[in-house]
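Working notes, beginning with the structure itself.
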Amino acid sequence: MPQPAPQQSRSTTLHQPTQNHLLNALSPEVQQRLFPHLELVAMPLGKVLYESGDVMRYVYFPTNCIVSLLYVMENGSSAEISVVGYDGLIGVALFMGGESTTSRALVQSAGFAYRLLGQRMKDEFNRHGELLHLMLRYSQALITQMAQTAVCNRHHSIDQQLCRWLLLSLDRLKDNYLVMTQELIANMLGVRREGVTEAAGRLHKQGVINYSRGHIVVTDRPKLEQLSCECYEVVKAETDRLLPPYRQQPECEKKLCTH
């Protein structure tokens with residue numbers, strides 16, 4: 001699979017750890033301990049951060065990319081169980097004690113993330129302070145998304161699933177567009193490519209999205225929310241309830257770590 005470079009508008013952004021919601025929510029004291037050990041890494045489209053059963057060495061905090069967690073069957077077919085962007089992190093199993101997971105982590109929208117050695121993450125987690133409580137709340141929000149995705153895939157139409165997926169993805173980026181082929185969307189949803197093509201065509205005809213050469217631009221978000229099933233709102237409401245609102249960083253805190 002080709003791995004194009006991140007889009008120009010994203011690659012030229014001044015990167016800050018506080019662009020990630022979880023890192024943003026930490027107190028200056030905890031940020032001072034963690035930020036010097038963060039490493040900014042490129043996340044090209046299609047990059048696999050880990051496969052099922054791999055022992056994790058790092059956790060990743062996306063800033064402007066999206067990573068999908070997928071279950072992959074023996075025959076190679078797959079389905080997405082959750083999507084993570086600047087709202088969260090990749091590597092929950094590491095600090096939950098499992099060290100590995102049965103899912104694959106795949107970059108579905110290119111950008112950047114901050115990487116932290118797993119041991120440093122565990123050291124801070126084991127202080128039993130604010131990071132532990134924040135990570136437990138985030139883990140609960142992630143479990144909610146996984147459970148609701150399973151329900152949605154079982155009971156709702158491809159059109160509704162596509163709307164939910166688009167909304168969840170957009171909530172985890174700061175743009176109103178995605179770079180994603182229909183084949184990849186089909187792999188994420190675990191459906192036939194033809195089904196995604198037809199569903200995307202219907203959204204296009206209703207003026208909800210524009211789709212061209214792998215670029216999806218949402219032109220009518222209220223309509224997209226109206227067409228989606230209740231699964232999107234359930235996940236959004238629980239995430240908003242569990243996680244603190246994003247706060248603007250004072251200039252002095254922004255200088256803690258820049259790359």
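Coordinate-derived values only; no laboratory data. Keep in mind that what you see is a predicted model, and the values were worked out from it rather than measured. Reconstructed Cβ throughout: ideal geometry from the backbone, glycine too, with neighbour counts over all protein chains shown.
Charging the Cβ of each Asp and Glu at -1 and of each Lys and Arg at +1, and nothing else, the dipole of the stretch 145-229 about its Cα centre rounds to 20 debye.
Around the amide H of S109, modelled in the peptide plane, lie the amide H atoms of I66, all under 5 Å away and 5 or more residues distant in sequence or on another chain.
What number comes out for the charge environment of L184, summing +1 per Lys or Arg and -1 per Asp or Glu over other residues with Cβ under 14 Å away? Result for the local shell: +3.
Under 5 Å between amide hydrogens, built in the peptide plane, is the criterion, and for D54 it picks out T101 among residues at least 5 positions away or on other chains. The local environment of S68, defined by Cβ-Cβ distances under 15 Å, has a net charge of -1 under the rule Lys, Arg +1 and Asp, Glu -1. Taking all Cα pairs closer than 8 Å and separated by 6 or more residues, the relative contact order of the chain comes to 23 percent.
Shape class for the stretch 1-133: oblate, because the ratio a/c of the largest to smallest gyration tensor axis (alpha-carbon atoms, square roots of eigenvalues) is 1.5 or more and b/c is at least a/b. Backbone amide hydrogens, once placed in the peptide plane, bring S82 within less than 5 Å of L69, excluding anything fewer than 5 places away on its chain.
Computed from backbone phi with θ = phi - 60° and the Karplus coefficients 6.51, -1.76 and 1.60, the 3J(HN,Hα) list for the stretch 17-24 is x, 6, 5, 8, 4, 5, 5, 5 Hz; x is used for glycine and proline. Rounded to the nearest 20, the Cβ-based charge dipole of the chain about its Cα centre (Lys and Arg +1, Asp and Glu -1) stands at 320 debye.
Using the Karplus relation 6.51 cos²θ - 1.76 cosθ + 1.60 with θ = phi - 60°, the per-residue 3J(HN,Hα) values for the stretch 45-57 come to 4, x, 5, 9, 6, 6, 9, 4, x, 5, 7, 7, 9 Hz, with x marking Gly and Pro.
Once you reduce the stretch 169-238 and the stretch 55-128 to the center of their Cα atoms, the two points are 23 Å from each other. Can you give the net charge of the other residues whose Cβ lies under 15 Å from the Cβ of M121, counting K and R as +1 and D and E as -1? That sum, taken over residues with Cβ under 15 Å, equals +1. A helix-only calculation puts the chain at -12500 deg cm²/dmol for mean residue ellipticity at 222 nm, using -39500 (n - 2.57) for each DSSP H run of at least four residues, averaged over all residues.
Classify the stretch 204-250 from the C-alpha gyration tensor, please: rounded if a/c falls under 1.5, else prolate or oblate depending on whether a/b exceeds b/c. Oblate is the answer for the stretch 204-250, as a/c is 1.5 or above yet b/c matches or exceeds a/b. Between H155 and V41, the contour length at 0.36 nm per residue exceeds the Cα-Cα span by 37.2 nm.
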